[in-house]
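What follows is one structure encoded as structure tokens, with my remarks underneath.
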Amino acid sequence: MEKTDWKRIGWLTAAALVLGAIIGACADLLTLLLYGVEYMMLGFIESEFIPGAFTVPAVRRIASVTLGLGVAGVIWYLLRTKTEKVPSVKKAVNGGRMPFWQTIVHVVLQIFIVGSGASIGREVAPRELGAMLAQRFCDIFHIGDGEGDAHGVLDRRMVVAVATGAGLGGVYNAPLAGMFFAVEILLVDVTLEKVAFGLGMSATAAFVATAIKGEHMFYDIGAMQMNSTPSLMLFALLCGTACGVVGALFRKGSQWAESHKPTGRSLMWQMPIAGLVTGLVSIVVPQVMGNGRAAAQLGFSTFIPETADTSGAAQSAASAAASPWTFLAGSGGAPGSVVNAGTPLELNRLWMLLGVLALTFVAKALVTLMTIRSGASGGVLQPGIALGSTLGTMLGLLWLFVFPVDSVTACALIGAAALLSASQQAPLMAMCLVMELTEAPIEFFVPVGMAVAVSVFVSSGLLHRLG
């Protein structure tokens, strides 16, 4: 019988609690930094009441994102050409050293550009910070730093991967997604020990971050029906297929953009140009700015008033007031009033809604890829949710003509999880992240799980064919 290694159990416990708490506090600081940059650059702070820069004057939007990416372009040029490079979290898990102050600057820059309005995700920053902190933790405990210590090297790899996931779990209050990110994407090895360790650290990080900044709704899905329906399972099959194709293409596009980033002085002019283009697009599509929260909420807030045939979905006055459709209608940018007017969906209204959603989808996809291609660092999780939400909403609007018992918001939820799963090739992480961010009822795991299964199957086959 193998002897219990109490020393190892001790430092694993310390890592889950102490390192998890530190990562949670750092994730909270990054969130507060985002809010501070948004307030300084754009004059607002995103929340469940204002999900995007809808109330910001167009001139200020343009100036903010152009200046933000311009400043970041200069600093990133110096950081990438004059100092030690910051490796990706996957390389860090496999032994790549995360330099201390370079990683801090790199992380802060990612939050800075998102806060100024750049169309890119902010979730990479807390993951990189978690990986750097985990490496320092392993140095202190001398984990995996000795020659011939094969077990120590494996333990160090596990700690860094789990800490990376804890960064995600802490910043979004999503411990399940954080754990699955570590074991499904980074370690690609699901064992009881790794799941328990990962969930413990992610839960600790989420608890500490929430205790400091409070618990806030990230996506409002109040316009969704309370119960799942059999017809949603059929919709999940169709939506999963569509999202599988689109998610695979988005994954290929983001990989192409990442591999074609400028490496020299051109970084200093390509990034501000990307910012200028983003600002100009935001004149018509303000929800394109930021990490994707506003664009995703546009889909989740699409509400068609109930008729005698529906399952009773309703939208509260508070949700309607905070809906991107309401902000767009107030600025004259879109026919938002057709969503909250309390009248059934008609054909002419349908085309207006589909037009706004399609424009949002295309703009968000192209501007995000352009931002990555220009040299910016960041993630694509939130942009992926935004694309899935808007695509699911478009399909859902058409679906309601056949099955009015379903709500558009439920269709948006299914689309968000399905497209994110396909683009990340990580069904468990993506499904849990969407469900945790929306706080969706547990029974919707069934249609969401079906859509995710289909989307991953379709996307994996398509990606294999595309090479």
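Some points to look at:
- Of all residues making up segment 311-370, the number that are modelled with pLDDT of 85 or more, of a type outside the set (A, V, I, L, M) and out of contact with any Ser or Thr (no Cβ under 9 Å at 6 or more places or on another chain): 2
- Scope segment 11-41; condition farther than 22 Å from residue 104 by Cα and open to solvent by less than 10 Å² (accessible area, probe 1.4 Å); matching residues: none
- Looking only at residues in segment 249-265 that are surrounded by 14 or more Cβ atoms within 10 Å (Cβ to Cβ) and of a type in the set (A, V, I, L, M, F, W, C), the one that is nearest to the chain's Cα centre (by Cα) is 250.
- Within segment 44-58, not a single residue is loosely packed, with under 14 Cβ neighbours inside 10 Å, at negative phi, free of Cβ contacts under 8 Å to residues at least 24 places away in the same chain and aromatic (Phe, Trp, Tyr).
- Boolean, residue 433 is open to solvent by 10 Å² or more (accessible area, probe 1.4 Å) and under 20 Å from residue 186 (Cβ atoms): no
- Scanning segment 218-248 for residues that are assigned to a loop (DSSP other than H, G, I, E, B), surrounded by 15 or more Cβ atoms within 10 Å (Cβ to Cβ) and of a type in the set (A, V, I, L, M, F, W, C) returns 218, 221, 223, 224.
- Residue check, residue 404 part of a loop (DSSP other than H, G, I, E, B), touching a residue at least 60 places away in the same chain (Cβ under 8 Å) and either open to solvent by less than 10 Å² (accessible area, probe 1.4 Å) or not acidic (Asp, Glu) (or both): yes
- Test: residue 459 is touching a residue at least 40 places away in the same chain (Cβ under 8 Å) and closer than 19 Å to residue 353 by Cα: no
- In this structure, residue 74 does not satisfy being open to solvent by less than 40 Å² (accessible area, probe 1.4 Å), out of contact with any strand residue (DSSP E or B) (no Cβ under 7 Å at 6 or more places or on another chain) and among the β-branched types (Val, Ile, Thr).
- Filter pass, residue 393 being under 30 Å from residue 107 (Cα atoms), open to solvent by less than 30 Å² (accessible area, probe 1.4 Å) and of a type outside the set (Asp, Glu): no
- Residue 451 vs. criteria buried (at least 24 other Cβ atoms within 10 Å of the Cβ) and either of a type in the set (Ser, Thr, Tyr) or touching a Lys or Arg at 6+ places or on another chain (Cβ under 9 Å) (or both): no
The values are calculated or read from the model by the stated rules, or taken from the named source; none is laboratory data. Everything quoted here is computed from the prediction, not taken from an experiment. A quick note on method: Cβ atoms are made from the backbone with ideal geometry, for glycine too, and the neighbour counts reach across all protein chains shown. Heavy atoms of the whole protein, side chains included, go into the accessibility calculation; ligands, DNA and RNA do not. Shrake-Rupley method; radii C 1.70, N 1.55, O 1.52, S 1.80 Å.
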